[in-house]
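Novice: Could you have a look at this structure, given as structure tokens, before my questions?
The values are calculated or read from the model by the stated rules, or taken from the named source; none is laboratory data. As the structure is a prediction and not an experimental result, all values here were calculated from the model. Note: ideal-geometry Cβ built from the backbone for every residue, glycine included; neighbour counts use all protein chains shown. Remember, those area values only see protein heavy atoms, side chains included, never the ligands or the DNA or RNA. Shrake-Rupley method; radii C 1.70, N 1.55, O 1.52, S 1.80 Å.
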Amino acid sequence: MATPPPPLPPMPPRHVSCGSLLQELQELWGEIGQDEMKRDRMILQLEEDCLNVYKQKVNQTRKQKADLLQELSLGEADIDKILSALGERETFPRSEKLGGTLMEQLAKIEPVLEDLRRRRDERVNEFKAIQSKIVCLQAEISGAIDHGDPAAPVVDENDLSLKRSGELKEHLNDLQTEKNGRLQKIDIQTNSIHEMCNIMSIDLKMALKDVHPSYAELGRSKPMSISNSSLDRLSEKVHALNHEKKQRLRKLQDLGSTLIELWNLMDTPTDEQRFFDHVTSLIKVSPTTAMPQGCLAHEIIEKVETEVKRLTKLKASKMKELVFKKLTDLEEIYRSVHMDIDSDSERQTLNDLIDSGRADLSELLARMDIRIAEAKEHALSRKDILEKVEKWTLASEEETWLDEYERDQNRYNAVRGAHINLKRAEKARILVSKLPSLLENLTAKIKAWEKEMGIPFIFNKVRLLDCLDEYTCTRQQKEEEKRRSRELKKLQEQFATEQGAKFGTKPSPIRPLSSRKPLGQSSNANIIGGTPTSRRVSTPMSRKGRPSSGRVQEAVKTAVAPANYVALPKDCSDISTL
């Protein structure tokens, strides 16, 4: 058996000091007769044990101080962090400014830190609530909410400032405004769908369910979808229904127009026409105009189609006359704008087609209407060009007249109507001077028209561009001939001047001697010798009642020419006769 441990010595009372205990120990050792060396070793051991106890206590106290300092430092850092996160500028005094012991400093920091943490938690909850609403709105707008509730937002506790809170609230307001705008847009479009469904007798609930199930729910157990995809589908639905509405209205208007045309053709009684007043009243209605409920239903359109088919079967006898009347209208449109159409061949083809019974008369009439509409478009597109062609034709005629007028040697004679021709010549010169720009503008318009239409511009069975090119070339040739004539005239005048200086005579530079005989001049007069004095020379100045100048008088004096001199007319248009 193990020996029991010796009993512990009784604990000294607390008021006993170490010195009294050491004295008592010395006495006990003396009574026992303990060796002095042993006594010294035991005392040294006791001193070492006491020192270790003190060291251990000091270390524990140091650690406690370090822990308090760390706790104080962490508290101050936490205060700074929370104040920075809250965006507040208030400062808390450092520990060295607080004064007192570490425990007292901690006691001063703890209530401040506790208050700041409470405020931080409140701000975090506020941020979390705002961000939750933002995430929810974003999920509704993006459509992610259809796939489940969005994840809870993570709040950044490093930035809990009022500025950040204001930004989040502003963002939330923007999202709420966008949501309200989308809801308003959805409301407008659903009302439009409701109106069009009533007009066309379409199931409204099915139409809305095709877009999104939430639009067709009456109880609104789920929020209405406001995502981009839902809005796009809703817009597409509105567009599709609007397109369907326009098609039905156009179809009903066409049927109504056909009905009226057939009624007029068949002399249908008024009482029978009244059954379709609700159809004919829509002929001139715009798609944006409010229309009565069910007026574009399939049943109504089918009834009108049935009536049109019934009347179509009755009009076969008058169809040929109607078709040929439209062909006549088409020919008249083509003829009015100088467009060609093979009327005889067209009439023969239509006649054979109708007589064979293989033609759909309604389609034939529709085709004729389309051709008439296209012909009117072509005619309208040619109108501006034809006006310019008319101006060009008028200018060309005036140019031809002006050429003939300038070749007339008697155009300045004081005869009846000469002043009228003179005024016309002045106007013609102004008009002809504008021909190049008119031709350039007309050619550009014709080229643009041919490029847009894809067909050549035919005028009087001839391609107009070819005519313009030919006319331009001819005009350039005439201009070149006139230029050469003027140059030749200058050379001849220069030659005459040199010869006159050589032989002592000088022909007049104003009006050279002409090989033609002036009107009214005697056949026995000497052409080279000059004009007889008994014949008055008619000049522009003399026609105004003023005396001729000395230079004009000098032009009619007698001039002696050398044997090899040929007198040429002043008008350059007469050079071509040489």
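Novice: Per residue, how much space in cubic angstrom lies within the convex hull of the C-alpha atoms of region 21-123?
Specialist: Expressed per residue, the convex hull around the Cα atoms of region 21-123 is 128 Å³.
Novice: Mind scanning K391/K423; K284/K315; K128/K179; K251/K325; K309/K383; K237/K383 and naming the pairs with a C-alpha gap bigger than 31 Å?
Specialist: Where the Cα-Cα span goes over 31 Å, the pairs concerned are K309/K383; K237/K383.
Novice: Using a basic spin-label model with each label point 7 Å from the Cα along Cα→Cβ, how many nm lie between E110 and A448?
Specialist: If labels sit at E110 and A448, their model points lie 9.2 nm apart.
Novice: So how much slack lies between R367 and Q70, counting 0.36 nm per residue of separation and subtracting their Cα-Cα distance, in nm?
Specialist: 97.1 nm
Novice: Could I ask something else about it? Over region 151-243, with the other protein chains present, what is the accessible area per residue in square angstrom, probe 1.4 angstrom?
Specialist: For region 151-243, the solvent-accessible area averages 60 Å² per residue.
Novice: Also, I was wondering about something else. Could you work out how much longer the chain between E387 and Q253 gets when fully extended? Use 0.36 nm per residue separation minus the Cα distance between them, nm to one decimal.
Specialist: This chain segment gains 44.6 nm when fully extended.
Novice: While we're on this one: Ranked highest first by the average count of other Cβ atoms within 10 Å around their residues, in what order do 480-492, 224-236 fall?
Specialist: 224-236, 480-492
Novice: Further question on the same structure: Could you check the simple spin-label distance between K246 and E36, using points 7 Å along Cα→Cβ, in nm with one decimal?
Specialist: The answer from the label model is 13.1 nm.
Novice: With label points built 7 Å along Cα→Cβ from the Cα atoms of T472 and K169, find their separation and express it in nm.
Specialist: Going from the T472 label point to the K169 one covers 7.5 nm.
Novice: Short version: ³J(HN,Hα) in whole Hz for each residue of region 251-261, in order, from phi by Karplus 6.51 cos²θ - 1.76 cosθ + 1.60 (θ = phi - 60°), x for Gly and Pro, what are they?
Specialist: Going residue by residue, I get 5, 5, 5, 4, 5, x, 5, 5, 4, 4, 5 Hz, with x marking Gly and Pro.
Novice: For region 359-455, max minus min Cα coordinate along each principal axis, in Å, sorted largest first?
Specialist: 73, 27, 16
Novice: Could you tell me which residue out of M42, L72, V112 lies farthest along the dipole of region 21-123 toward its positive end? Charges go on the beta carbon: Lys and Arg +1, Asp and Glu -1, centred on the Cα centre.
Specialist: V112
Novice: Which FRET efficiency value, to the nearest 0.05, is calculated for K205 and D344 with the Förster distance at 56 angstrom and r the Cβ-Cβ distance?
Specialist: Efficiency, from the Cβ-Cβ distance: 0.35.
Novice: Determine the sum of side-chain charges near C197: Lys and Arg each +1, Asp and Glu each -1, restricted to other residues whose C-beta is under 14 angstrom from that of C197.
Specialist: Local net charge: +1.
Novice: Separate question: Could you please report the charge total around G30, scoring K, R as +1 and D, E as -1 over all other residues with beta-carbon less than 12 angstrom from its beta-carbon?
Specialist: Local charge sum for G30: -4.
Novice: Can you figure out the FRET efficiency of L465 with R429, using R₀ = 30 Å and their beta-carbon distance, to the nearest 0.05?
Specialist: So, using R0 = 30 Å, E works out to roughly 0.65.
Novice: Something else now. Dividing the convex hull volume of the Cα atoms of region 151-243 by its residue count, what figure in Å³ per residue is obtained?
Specialist: Here the figure is 113 Å³ per residue.
Novice: Also, quick follow-up: Using a 1.4 Å probe over the heavy atoms of the protein chains, calculate the carbon and sulfur portion of the accessible area of region 21-123 as a whole percent.
Specialist: Working: 4130 of 7720 Å².
Exposed carbon and sulfur together represent 53 percent of the surface.
Novice: Show me 133-144, 417-428, 296-307 ranked by packing, highest mean number of other Cβ atoms within 10 Å first.
Specialist: 133-144, 296-307, 417-428
Novice: Using the beta-carbon distance between D156 and C50 and R0 = 56 Å, what value does 1/(1 + (r/R0)^6) give for FRET efficiency, to the nearest 0.05?
Specialist: 0.50
Novice: So if each residue of separation counts as 0.36 nm, and I subtract the Cα-Cα distance between K320 and E302, what length gain in nm does that give?
Specialist: Between K320 and E302, full extension yields an extra 3.8 nm.
Novice: Something else: Would you tally the net charge around E170, using a Cβ to Cβ cut-off of less than 14 Å, leaving E170 out, and scoring K and R as +1, D and E as -1?
Specialist: +1
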